[in-house]
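Novice: Before we start, here is the structure in question, set down as structure tokens.
Values in this text are rule-based calculations from the coordinates and carry no lab data. Please read all numbers here as calculations on a predicted model, not as lab measurements. Because the Cβ atoms are built from the backbone with ideal geometry, glycine has one as well, and the counts that use them run over all protein chains shown.
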Amino acid sequence: MSETEKKLEVEKKRKRKPKNAEKEHPKLSNVIVHNVVITFLIMGISTIIAQAFFHYSRNSTSVAIIYVLTVMLIARYTTGYITGIIASIFGVFFVNYVFTYPYMNFNFSIDGYPVTFLGMLLVSSITSTTTTRFKKQNQLLNEREKLLVEAEKETMRANLLRAVSHDLRTPLTSIIGLADTALSDSPEITQEKRRELLEGIRDDANWLLNMVENLLSVTRIRVGDAHVNTSPEPLEEVVAEAVQRFRKRLPQGKVDVKIPDEFLMVPMDATLIEQVIINLLENAVYHSGTDEPIEFYVEKREDCVAFHIRDYGKGIDPERLKIIFDGAGMEPNASGDSHKGMGIGLTICKTIINAHNGSIEAANRLKGAEFIFTLPLEEEEEHDK
């Protein structure tokens, strides 16, 4: 049986090799065909141009320069070093044969020509190899940039998942605990107490709904693309809608709103920007630790519109300021029944604002904290009277 198995393994390996060869062969043949076609096409066009120059100037030096440029173009648009080097050698002999006296014959006996011959060959070869090397370096840089972008996406995805697990788990735990208590037959649970428990369940359910809306907001950003489809939206209407939704969700939240008197049309995805405003207002209510009204004002700058949301509470821990938007911004000592995590909301805020080519930052003030995000204006708006 062991010998039979060995024979079967050998047969399998024999069958695998042709398949791999078949996969590699088309790629190699495609590269060769591409290089040959590009080389003949560029050489043909260059020869026509060289003939025209030579017809009027009778100067083989200008023709040699044309063929040096030809070699550079061939090296740029073909794959590998070989094509450019072959084109260099061909160009040198072709110039000698066609454009050097006696025409249509090789003549290497002209005084000083060996030096010219070697010089042209050297320049063409160096040009070819240098161009190919630069092309490979650009390819490596592009690949490295793609890897960095993918790594950044992966980091953002991991941070988002970590934030989701925190911000969704805590209200669910709270709902289960409150529901168990409300359903118990304990005589200590009065009607008033049961009502308080049900209100707590409702608040946690609303928080969960907010989290789901945040996640749905992210799905509006095209997969594999870092941008969103924007259209000019009236600033006043977007702010009014966001504040109205915030007040409906948190009636106890106090917010003073101020927007420019000037009518502004700002390019944005209105639904996403409303979600950003609501997230930041809710965070200010939950984490400021004060009943003082939140300041929400908008200002027009030279090339953008800036949204300021400021509270007059306890501020943000300086150690968390740098990581507050990456999903690690939750309170480190948050209790299990707390649903006031900041992770997912602020992570999504950053994702949305980046997709709008804007910026977002958080800072501590003399009293309280301030979140500022910007959205770029359209050209017409930037150069408005």
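Novice: Against the 2.2 N^0.38 Å scaling, with N counting residues, where does segment 27-146 land? I'd like the Cα-based Rg ratio to two decimal places.
Specialist: Dividing the Cα Rg of segment 27-146 by 2.2 N^0.38 Å gives 1.17.
Novice: Quick one: order SER231, SER88, SER359, SER125 by neighbouring beta-carbon count within 10 Å, fewest to most.
Specialist: The fewest-first ordering by Cβ neighbours comes to SER231, SER359, SER125, SER88.
Novice: Taking R0 as 56 Å, what FRET efficiency do you get between ARG247 and LEU147 from their Cβ-Cβ distance, rounded to the nearest 0.05?
Specialist: Working from the Cβ atoms, E equals 0.80.
Novice: Moving on to the next point. What spacing in nm lies between the two simple spin-label points modelled at LEU140 and ASP256, each 7 Å away from Cα in the Cβ direction?
Specialist: Going by the 7 Å Cα→Cβ label model, 5.9 nm.
Novice: Follow-up question, since we're still on this one. Can you sort VAL98, VAL36, VAL305 by how many other beta carbons sit within 10 Å, fewest first?
Specialist: The order, fewest Cβ neighbours first, is VAL36, VAL98, VAL305.
Novice: Also, I was wondering about something else. Explain nothing, just the number: relative contact order of segment 27-146, from Cα pairs under 8 Å at least 6 residues apart, as a whole percent.
Specialist: In percent, rounded to a whole number, it is 26.
Novice: Once the other residues with Cβ under 12 Å from the Cβ of LYS254 are scored (Lys, Arg +1; Asp, Glu -1), what is the net sum?
Specialist: Result for the local shell: -4.
Novice: Report the paramagnetic label zone for MET265: residues of segment 230-247 whose backbone N is under 16 Å from a point 7 Å from Cα along the Cα-to-Cβ axis.
Specialist: 230-238
Novice: Still on this structure, please answer the following. What full-extension length gain, to one decimal in nm, is calculated for SER184 and GLU199 as 0.36 nm per residue of separation minus the Cα-Cα distance?
Specialist: Stretched out fully, the SER184 to GLU199 stretch lengthens by 3.8 nm.
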